[in-house]
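Step one of this worksheet: look at the structure below.
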Amino acid sequence: MAVAFVTHPHCHLHRMGDEHPERPARLNAVEDALHACGLYDLLQHHEAPRATVEQLTRVHPLGYVEDLANRSPAEGLTHIDPDTWMCPDTFEAALRAAGANILATDLVLSGQAARAFCNVRPPGHHAERAVAMGFCFFNNVAVAARHALEQHGLERIAILDFDVHLGNGTEDIFRDDRRVLLCSSYQYPLWPDLNPPTLPGRVINCPLPPGSGSEAFRAAVQQHWLPALEAFAPQLVLISAGFDAHAADDMSHLRLTTADYAWVTEEACGVADRHAQGRVISTLEGGYDLGSLGASAAAHIAKLALA
Ligand SMILES: [Zn+2]
């Protein structure tokens, strides 16, 4: 069965200035790499709807959603935090990025697609319940998780986050939600300069010191993520897929390879095959070196399709 590929033209229109690393070319890098390896035409292509207020407010307070809408500029850029800006197209792009995750959840849980990848921006995992930060506005993976829980009636969801930065937003949202197991690996120290403790059965945090490579990453996944995932037996596996821990990405000092992203995807699919009828939904987070982003995302999506 096909893998769904969900995106929207508006995700290319969100801009935070000419020099900003979180730029529209990132989405093209993923699509170009999929074309180059022959995978693009094998995917089931979908245009993302807008997330509705009801879907967003399962994660974010209504006042937060309204405040972001009100801060959307008619022209120029609105400053959100030292790294994060809104342009006139940002709010619509953010609605589509969250909406892509809603559609992907509906497609996979209805059996219309086996797995899904959302090629969207702005990313989401730094967005807390009521704080936009770190290039993120709505927490896309959290919107998918709450949709699966509230709309589809699932009871246990795993979120895997291998972006090089701690997904502080996802942790803020789910820390007290026992229906969700969050497994993270990230460089520490590194922005956002947080290293919260592991909470057994709920939050599995694997900080990796600068300079860590494949061996340390794979050991963390094998020793900490996989036993927790087997015990939790998720009914759906969501992935916050950031590719900025790659050795070629100068956003961090980890040294992961394209093969590591293929490997961790295979492990995630294995968990899903054993417990979740194979269901995996992945959404793009970071990844700022266009070459390694494209290659790593294509390797990731190839494993979603084949593993
Ligand atoms: Zn990141």
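Worth pointing out:
- Whole-number Å³ per residue for the convex hull built on Cα positions in segment 159-247: 86 Å³
- Peptide packing for 15-27, 54-66 was compared via the average number of neighbouring C-beta atoms within 10 Å per residue; ordered from the highest value, the list is 54-66, 15-27.
- Helical mean residue ellipticity (222 nm; -39500 (n - 2.57) per DSSP H run of 4+; nearest 500) of the chain: -11000 deg cm²/dmol
- Across all directions, the shadow cast by the convex hull of segment 45-99 built on its C-alpha atoms averages 4.5 square nanometres.
- Accessible area of segment 125-213 belonging to carbon and sulfur atoms, whole % at 1.4 Å probe: 51 percent
- Using θ = phi - 60° in the Karplus curve 6.51 cos²θ - 1.76 cosθ + 1.60, the 3J(HN,Hα) couplings for segment 226-236 round to 5, x, 5, 5, 4, 5, 6, 6, x, 8, 7 Hz; x is entered for Gly and Pro.
- In segment 104-236, Cα pairs under 8 Å separated by at least six residues give a relative contact order of 19 percent.
- Rg and Dmax of segment 130-200, Cα atoms only, in Å: 12.4, 38
- Sequence ranges 137-148, 105-116, 34-45, ranked by mean other-Cβ count within 10 angstrom, highest first: 137-148, 105-116, 34-45
- Principal axis dimensions, largest first and in whole angstrom, of segment 181-307 by Cα: 37, 33, 22
- Segment 182-228 - convex hull of the alpha-carbon atoms, volume per residue in Å³: 62 Å³
- Inter-part distance where segment 145-202 and segment 78-106 are each reduced to a Cα centre, Å: 20 Å
- In the context of the full set of protein chains, residues of the chain present 36 Å² of accessible surface per residue (probe radius 1.4 Å, heavy atoms only).
- Convex hull (Cα only) mean projected area of the chain, reported in nm² to one decimal: 13.3 nm²
- 18 Å cut-off, amide nitrogen to a point 7 angstrom out along ALA69 Cα→Cβ, residues in segment 132-174: 132, 137-139
- Kirkwood Rh in Å, taken over all unlike Cα pairs in segment 1-82: 15.6 Å
The values are calculated or read from the model by the stated rules, or taken from the named source; none is laboratory data. None of these values were measured; they are calculated from a predicted model. All Cβ positions, glycine included, derive from the backbone under ideal geometry; neighbour counts span all protein chains shown. These accessible areas exclude ligands, DNA and RNA; they are computed on the full protein's heavy atoms, side chains included. Shrake-Rupley method; radii C 1.70, N 1.55, O 1.52, S 1.80 Å.
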